[in-house]
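Have a look at the structure below before the remarks.
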Amino acid sequence: MQLNEFRRAKTVLIFLTALVIVSIGCSLSGCGTGRRKSLVELKVIVAGSLLAPFQAVEKEFEAQNPDIDVKLEGHGSVQVIRNVTELGNIADLTVVADAQLIPAMMYQTQIPEQGGPHADWLIEFSTNRLGLAYHEGSAYRAEINADNWPQIISRPDVTVGLADPRIDAMGYRTLMVLQLAQDFYQDDTIFEKTVGSAFDPPMAISRDDGVCTIIVPEVVRSKESRVKLRAYSIQLMALLESGDLDYSFEYESVAKQRGLGFLALPPAIDLSSPDYEKEYRTVDVRLDFRRFSSVFPDFQGTRIVYGLSIPRNAPHPEEAVELVQFLLGSDGQRIFEESWQPLWSAPVCDNVEQLPEALKSLFP
């Protein structure tokens with residue numbers, strides 16, 4: 001009898017030991033728990049103006065998903081998409097400061113070998129306003145306001161920064177704001193005094209059927225030391241912080257994230273208000289060349305709208321969907337609010353039927 005009890009106890013012990021081993025193995029491999037078997041590196045390419053909030057998103061998202069490592073990469077919005085459509089960089093998520101670039105550049109280009117467009121949907125999720133960033137030592141800081149800024153920044157002893165309109169949305173939006181300002185202030189010298197004469201060759205302007213087109217030449221060189229051109233608007237922030245610039249056109253969120261002053265411009269020209277969409281559309285920027293094969297050479301004047309899409313050849317589409325859900329959820333809302341760039345409470349999708357199933361519920 002004792003022998004049988006011993007054998008029974010031995011059998012139970014062996015069984016329990018096996019259960020422990022299986023349990024440990026599953027906890028490490030992720031079986032039955034929804035966890036991944038190995039660390040997933042999620043590559044996210046974002047517009048430079050979004051780096052600060054996305055760094056906060058990355059930190060919190062990874063804390064909730066320790067098996068996902070978000071790899072952030074920031075560029076000007078045009079370059080964000082070129083990385084995918086021309087340079088062969090594989091990304092899991094692309095996020096730009098100008099939503100119109102996604103259909104213009106990703107819908108119209110084909111994935112090599114695989115075929116089909118690089119993307120077939122976009123989600124619009126946020127906006128911003130464009131104004132002038134400055135620092136405590138900026139020339140005429142105590143004098144500049146929403147009425148006299150065109151005169152202040154065109155003075156010969158004032159330095160101003162501009163992003164390259166060929167590769168950064170802030171660059172071509174700055175040109176739009178300057179042109180809109182001419183009509184708003186009824187002063188047709190603003191564009192010329194500010195940037196028109198500062199470049200060699202100069203930027204030309206044509207008018208047709210109520211639309212003013214600013215034509216950007218293939219080569220853009222600043223010939224005046226007071227105007228400093230950089231590839232990306234985010235690079236101009238370092239010049240402001242060091243005192244090497246007095247003013248720079250910038251998004252409100254970026255200026256506030258970096259503790260800089262920000263001069264808000266009237267909504268009629270700052271590209272922020274849906275009430276002025278008609279006015280914004282009276283100006284566009286055209287690249288007078290085809291520098292990049294996938295870059296649509298015309299940028300329409302519109303309200304500032306941020307957009308995102310998961311490329312069709314993304315290596316980790318499920319994890320990218322999880323990140324989008326996090327971004328558009330309550331945690332993302334809070335993070336963006338803290339970064340002075342609130343998310344829309346109701347994001348917009350242009351092609352809901354093409355969305356991943358897990359995202360369709362966001363657009364009832």
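Values for this structure:
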{"item": "Residues that are in a helix (DSSP H, G or I) and either touching a Phe, Trp or Tyr at 6+ places or on another chain (Cβ under 9 Å) or surrounded by 16 or more Cβ atoms within 10 Å (Cβ to Cβ) (or both), drawn from region 346-363", "result": "V352, E353, Q354, L359"}
{"item": "Selection from region 79-99 of residues that are surrounded by fewer than 19 Cβ atoms within 10 Å (Cβ to Cβ) and in contact (Cβ under 8 Å) with a residue 60 or more places away in the chain", "result": "E86, I90"}
{"item": "Output for region 66-107, where each listed residue is in a strand (DSSP E or B) and aromatic (F, W, Y)", "result": "none"}
{"item": "Residue pairs meeting the criteria (Cβ under 6 Å; at least 6 apart or on separate chains; first closer than 13 Å to L87 by Cβ, in region 107-118; second at pLDDT 90 or above and of a type outside the set (V, I, T))", "result": "T109/H118; H118/M106; H118/P311"}
{"item": "Leading residue by the ranking (nearest to N128 (Cα to Cα)) among those in region 204-260 that are assigned to a loop (DSSP other than H, G, I, E, B) and basic (K, R)", "result": "R258"}
{"item": "Some residue of region 127-149 being at pLDDT below 95 and among the hydroxyl-bearing types (S, T, Y)", "result": "no"}
{"item": "Residue in region 328-345 that is farthest from L362 (Cα to Cα), counting only those that are touching a strand residue (DSSP E or B) at 6+ places or on another chain (Cβ under 7 Å) and crowded, with 19+ Cβ neighbours inside 10 Å", "result": "Q341"}
{"item": "Any hit, region 63-81, residues being closer than 18 Å to P347 by Cβ, touching a strand residue (DSSP E or B) at 6+ places or on another chain (Cβ under 7 Å) and hydrophobic (A, V, I, L, M, F, W, C)", "result": "no"}
{"item": "A133 being in contact (Cβ under 8 Å) with a residue 40 or more places away in the chain, part of a strand (DSSP E or B) and either crowded, with 23+ Cβ neighbours inside 10 Å or outside the structural domain of E279 (by TED's automatic domain parsing) (or both)", "result": "yes"}
{"item": "Residue under evaluation K193, criteria (1) in a helix (DSSP H, G or I); (2) at pLDDT 95 or above, criterion not met", "result": "(2)"}
{"item": "Residue under evaluation P266, criteria (1) surrounded by fewer than 18 Cβ atoms within 10 Å (Cβ to Cβ); (2) part of a helix (DSSP H, G or I); (3) of a type outside the set (G, A, S), criterion not met", "result": "(2)"}
{"item": "Selection count, region 178-190, where residues are outside any helix (DSSP H, G or I) and acidic (D, E)", "result": "2"}
{"item": "Filtered residues of region 179-202 (kept if in contact with a helix residue (DSSP H, G or I) (Cβ under 6 Å, 6 or more places away or on another chain) and in contact (Cβ under 8 Å) with a residue 24 or more places away in the chain)", "result": "Q179, A181, I190, T194"}
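Quick grid of which residues meet (1) in contact (Cβ under 8 Å) with a residue 60 or more places away in the chain; (2) under 28 Å from G259 (Cβ atoms):
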site	(1), (2)
Q341	yes, yes
N351	yes, no
Q354	yes, no
A358	no, no
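The values are calculated or read from the model by the stated rules, or taken from the named source; none is laboratory data. Computed from a prediction, not measured in an experiment: that's the story for all the values here. A quick note on method: Cβ atoms are made from the backbone with ideal geometry, for glycine too, and the neighbour counts reach across all protein chains shown.
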